[in-house]
Amino acid sequence: QVQLVESGGGLVQAGGSLRLSCAASGRTFSSYVMGWFRQAPGKEREFVSAIDWSGGLTYYADSVKGRFTISRDNAKNTVYLQMNSLKPEDTAVYYCARSTSPILTMRSGDFGSWGQGTQVTVSS
């Protein structure tokens, strides 16, 4: 069973940047679509971004498009989320997830393994 461990969260002022990392265990990391989701207090978990196995295809939620960049390093079994121009509404717990589908997807139901989450807080 894969383990996903997120890091890089923290407190940042609006307009600032953070880079989240998600380290995955297992030898088949490069075979899977990886994604980032987030959940703010009192809200449902929402899709943020996803990347295919090669890193050549990506999806973004409209709310983060142009500000966030997802990438992966298959040699390091790690997926990243570079977050720039952060806004207070980006405040949430961010979760890394591994898809069960080989096809790029943004549906949370297609992701079968989840990390414990990392808190991102953006102050105004």
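A short reminder: the numbers here are calculations on the coordinates, not readings from a lab. Bear in mind the structure is a predicted one, so any value in this text is a computation, not a measurement. Because the Cβ atoms are built from the backbone with ideal geometry, glycine has one as well, and the counts that use them run over all protein chains shown.
Pop out the ³J(HN,Hα) list for the stretch 49-66 in order, Karplus 6.51 cos²θ - 1.76 cosθ + 1.60 with θ = phi - 60°, rounded to Hz; leave Gly and Pro as x.
6, 8, 9, 7, 4, 8, x, x, 10, 9, 10, 9, 5, 4, 5, 10, 4, x
Starting from a Cα-only point model with no solvent, please compute log10 I(q)/I(0) by Debye for the stretch 29-84 at q = 0.16, 0.30 1/Å.
Debye output, listed in q order: -0.48, -1.22.
Under the rule that an exposed site lies in a DSSP loop and has at most 12 other Cβ atoms within 10 Å, name the longest stretch of the chain with no trypsin sites (Lys or Arg not before Pro) of that kind, not counting the sites themselves.
66-106
Along the stretch 87-94, what does the Karplus equation 6.51 cos²θ - 1.76 cosθ + 1.60 (θ = phi - 60°) give for ³J(HN,Hα), rounded to whole Hz, x for Gly and Pro?
10, x, 6, 7, 4, 4, 8, 9
In the stretch 1-65, which GluC sites (Glu not before Pro) are in a loop and have at most 14 other Cβ atoms within 10 Å, using DSSP for the loop call?
Taking the stretch 1-65 and a limit of 14 other Cβ atoms within 10 Å, the loop GluC sites (Glu not before Pro) found are GLU44.
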